[in-house]
Amino acid sequence: MPGARGGAADGALPYVPARGGIPALRRAAADCRGCPLYENATQTVFGAGRSRARVMLVGEQPGDQEDRAGEPFVGPAGHLLRSALEKAGIDEEQAYFTNAVKHFKFAPVAEGKKRRIHKAPNLSEMTACRPWLAAEVRRVRPELIVALGATAGKSLLGGSFKVTESRGSLLSLRAESDLPLSTQEEGAEGGLHLLATVHPSAVLRAKDRDEALAGLVADLRVAARFLG
Ligand code: URA
Ligand code: SF4
């Protein structure tokens with residue numbers, strides 16, 4: 001527990017252990033109270049997958065099924081993402097999956113309805129949770145981060161980042177350990193890259209789902225080519 005060090009302004013920071021790998025982070029994150037989202041959610045949904053992975057996929061926040069299961073990307077959006085990865089030729093077993101925000105945020109359930117409706121995290125929740133994502137980037141040390149949608153993009157690269165402008169292109173990043181990361185000229189020292197694309201939930205909501213899925217797969221193929 002962070003005791004007197006913790007305050008709302010610090011968000012998750014006082015809860016992040018200085019040492020240890022992903023398992024240590026996951027254990028500590030289970031007790032995070034860095035923002036109010038822990039109050040109504042079932043549990044912290046920390047990242048999962050290979051703890052030293054060449055590629056790290058970052059979503060927005062856990063959904064209804066992830067909140068119950070305690071694992072990221074196990075619901076409908078996760079299924080779509082895994083099938084898109086397979087189509088693009090990226091082995092999901094080689095990847096690390098996480099979210100910009102680690103607790104499920106939802107609107108109150110209407111009478112008679114079982115499924116809770118997801119609400120997008122706001123800037124203060126994204127900022128509060130960012131130390132966990134930064135710690136994951138430091139521990140996993142990926143060569144490539146795939147940002148799925150606007151929340152992931154803004155959490156990783158700052159509030160002015162626009163997925164629509166950058167999707168599908170490989171960005172070279174300065175290998176700083178803190179978020180937000182900043183881009184640099186291709187070929188400069190560092191070696192960390194980022195590719196932004198749409199969130200798999202946006203594909204599920206799209207009017208033309210086949211076309212939206214093809215777009216996601218095309219972006220992921222750029223990632224697959226980079227990974228070789
Ligand atoms: N959507 C996300 O962004 N992350 C998940 O883990 C599930 C759905
Ligand atoms: Fe902590 Fe993030 Fe959960 Fe907020 S959403 S309580 S910062 S883990």
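The values are calculated or read from the model by the stated rules, or taken from the named source; none is laboratory data. None of the values given here were measured: they were computed from a predicted structure. Cβ placement follows ideal geometry from the backbone for every residue including glycine, while neighbour counts extend to all protein chains displayed.
Select from the stretch 71-86 the residues that are part of a helix (DSSP H, G or I) and out of contact with any Pro (no Cβ under 6 Å at 6 or more places or on another chain) and write down the one among them that is nearest to ligand 1 (Cβ to nearest atom).
Keep residues of the stretch 71-86 that are part of a helix (DSSP H, G or I), which gives 76-86.
Next, only the ones that are out of contact with any Pro (no Cβ under 6 Å at 6 or more places or on another chain) stay: 76, 78-79, 82-86.
Numbers: Pro76: 8, Gly78: 5, His79: 10, Arg82: 11, Ser83: 14, Ala84: 13, Leu85: 14, Glu86: 17 Å.
Restricting to residues being part of a helix (DSSP H, G or I) and out of contact with any Pro (no Cβ under 6 Å at 6 or more places or on another chain), the top hit is Gly78.
Looking only at residues in the stretch 173-205 that are hydroxyl-bearing (Ser, Thr, Tyr) and more than 15 Å from the chain's Cα centre (by Cα), which one is farthest from Asp219 (Cα to Cα)? Can you show your working first?
Going through the stretch 173-205, the residues hydroxyl-bearing (Ser, Thr, Tyr) turn out to be 177, 182-183, 197, 201.
Imposing the further condition that a residue be more than 15 Å from the chain's Cα centre (by Cα) reduces the set to 177, 182-183.
Working: Ser177: 25, Ser182: 21, Thr183: 19 Å.
In this case the residue turns out to be Ser177.
Which residue out of Lys102, Lys113 is over 12 Å from the mean Cα position of the chain (by Cα), closer than 20 Å to Gly75 by Cβ and either part of a loop (DSSP other than H, G, I, E, B) or within 13 Å of ligand 1 (Cβ to nearest atom) (or both)?
Exactly one residue qualifies, and that residue is Lys113.
Identify, please: which residue in the stretch 41-67 is under 10 Å from His103 (Cα atoms) and of a type in the set (Gly, Ala, Ser) and is, among those, nearest to ligand 1 (Cβ to nearest atom)?
Here the answer is Gly63.
Tell me which residues, restricted to the stretch 123-137, are out of contact with any Cys (no Cβ under 8 Å at 6 or more places or on another chain) and either modelled with pLDDT under 95 or within 14 Å of Leu37 (Cα to Cα) (or both).
Selection gives Leu123, Met126, Thr127, Arg130.
Step by step: first the residues of the stretch 66-113, then only those that are within 15 Å of ligand 2 (Cβ to nearest atom) and polar (S, T, N, Q), then the one that is surrounded by the most Cβ atoms within 10 Å (Cβ to Cβ). Which residue is that?
Filtering the stretch 66-113 for residues that are within 15 Å of ligand 2 (Cβ to nearest atom) and polar (S, T, N, Q), the one surrounded by the most Cβ atoms within 10 Å (Cβ to Cβ) comes out as Asn99.
Quick check on the stretch 23-40. Is at least one of its residues crowded, with 18+ Cβ neighbours inside 10 Å, within 16 Å of ligand 1 (Cβ to nearest atom) and more than 21 Å from Glu125 (Cα to Cα)?
no
Among the candidates Gly89, Gly153, single out the residue that is within 16 Å of ligand 1 (Cβ to nearest atom) and of a type outside the set (S, T, N, Q).
Details: Gly89 fails: within 16 Å of ligand 1 (Cβ to nearest atom).
After ruling out the rest, the residue left standing is Gly153.
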